[in-house]
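The values are calculated or read from the model by the stated rules, or taken from the named source; none is laboratory data. Small disclaimer: the values here were computed from a predicted structure and weren't measured. Cβ placement follows ideal geometry from the backbone for every residue including glycine, while neighbour counts extend to all protein chains displayed. Accessible surface areas use protein heavy atoms only, side chains included; no ligands, DNA or RNA. Shrake-Rupley method; radii C 1.70, N 1.55, O 1.52, S 1.80 Å.
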Amino acid sequence: MSKSISGFSKLSKSKKIDWIVNTYFSNKEEAKTILKQYWNSNEKLQQLHDEFIENTITNYYLPFGVAPNFLINDDLYSIPMAIEESSVVAAASKAAKFWLDRGGFKAEVISTKKIGQVHFMYNGNYDTLKAYFKHIKPQIIAKAKPITKNMEKRGGGILNIELVNKTQSIDNYYQLHATFETLDAMGANFINSCLESFADTFKTGVDNYVGMENTTIHIVMSILSNYVPECLVRAEVSCKVEELNEDDTISPQDFANKFMQAVRIAEVEPYRAVTHNKGIMNGIDAVVLATGNDFRAVEAGVHAYASRNGSYSSLTHASVENDIFKFWIEIPLALGTVGGLTGLHPLVKLSLEMLNKPSARELMMIAAVAGLAQNFAALRSLTTTGIQQGHMKMHLMNILNQFNANDIEKMAIIEHFKTNMVTHSAVVEIIENLRSS
Ligand code: MEV
């Protein structure tokens, strides 16, 4: 059977499934059953999910968990997290509890500017282009009014548009570099619509401008940037060094020193920094997903920011001064709490309600805190017990499920591993022993 098809998107859902199953699966009935068992019996809800994207054939579940006890700027939150990795919610919850007893997290939004660019080619004199831009700029803004007026009423809109000369990088290459305030919206559609309007006004305005007759402007593309170094949030925890006293295998002073060394290593060593920041993103992505935000945009922007000084580096930092341990994160997060999926996906709505219907600024702080907490938990394990102890404890259930352990086997094995080290082979051995006895 041919593996290519035309008109796939026009087929009904069940015809799409038939084609996929007949083309790719030897056990067709089993494949069909798996696909269909994830359909929601609530037809309206299923239709909603079907219509999020093209060619939906089923739903893809992720666990939706909650990490309680997050004290952020003196308010308590239970943070919703959508993530598949066994230990992440447990680690976040543990870190939240640890800092709950030590004053909680402090967070602040530093700035909320977002950026979009019209990239274009121009083959004439730069001074002429500058003069033309000065002339056309008020019209660019005026012609975008139908798009911007509602945002402006709420206090946002276009902050600035600049002409940027990029001819040192590529011959004839220039940009309109625009900054926006999009308030509680992530703003991608708003920004992209504005930029396409800017490009149109900019290009067509040339026809009526004396001085640009023998030149051409070719618009290459108009698109927002997911690099948002000016949409920045900071979160922090601090306490007296002596209060870092949870683990009796290490003194608080030694813990603080080792912790700072671990952060310092991530600041200077890219191989470590990537894993360190991955741990931070375990927390942030889980919140971003649960609240219906675009985790790919967030990931791209965060990692670009982590390399802003020319070498990939840690997003968190730590210090001890006057016996006060401080640990903080500064991170760009362009998030929204209106628009997109936020008003559509029932679990996203529920997440936002659980967070007390936050503004985008509040959600930026919550997500940054989740990242900081995750990094604290990871570094605490890494510098004391090692990561595998906690991780494998949480992963135990996955191994048991791989072996189709029943409830009685699960109970016995979990009990056994309360006092024994979990490894894959140790779990297999105990399952085999149980089953043969
Ligand atoms: C695993 O998902 C994340 C960690 O590797 C993060 C880290 O090493 O800091 C534990």
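Here are some notes:
- Per residue, segment 391-436 exposes 67 Å² of accessible surface when a 1.4 Å probe is rolled over the protein heavy atoms with every protein chain present.
- Across the alpha-carbon set of segment 195-318, the Rg to Rh ratio works out to 1.24, Rh being the Kirkwood radius.
- Length gained when the stretch ASN208-LYS418 is fully extended (0.36 nm per residue, less Cα-Cα span): 67.7 nm
- Over segment 320-437: Rg over Rh, Cα atoms, Kirkwood Rh: 1.15
- When the Cα convex hull of the chain is projected onto planes of every orientation, the mean area is 28.8 nm².
- Zone residues, segment 26-59, relative to LYS15, backbone N less than 15 Å from point 7 Å out along Cα-to-Cβ: 55-56
- The stretch between ILE5 and THR275, if pulled fully straight at 0.36 nm per residue, gains 93.1 nm over its current Cα-Cα span.
- In the chain, the DSSP beta bridges split such that about 95 percent are antiparallel, to the nearest 5.
- For the pair VAL164 and ASN192, a Förster radius of 25 Å applied to the C-beta separation gives a FRET efficiency near 0.85, rounded to the nearest 0.05.
- Fully extended contour minus Cα-Cα distance, from LYS97 to LEU344, at 0.36 nm per residue: 85.7 nm
- Accessible area per residue for segment 84-133 is 40 Å², calculated with a 1.4 Å probe on protein heavy atoms, without ligands, DNA or RNA.
- Helix runs (DSSP H) in the chain reaching 20 Å along axis by Cα, Kyte-Doolittle at least -1.0: 126-143, 188-204, 252-268, 270-290, 360-383, 387-402
- In segment 139-198, the C-alpha radius of gyration followed by the widest Cα-Cα span (Dmax) gives 13.0, 40 angstrom.
- Evaluated over segment 114-225, the Cα radius of gyration and Dmax, each in Å: 13.9, 44
- Measuring with a 1.4 angstrom probe and ignoring ligands and nucleic acids, THR249 comes out at about 120 Å² accessible.
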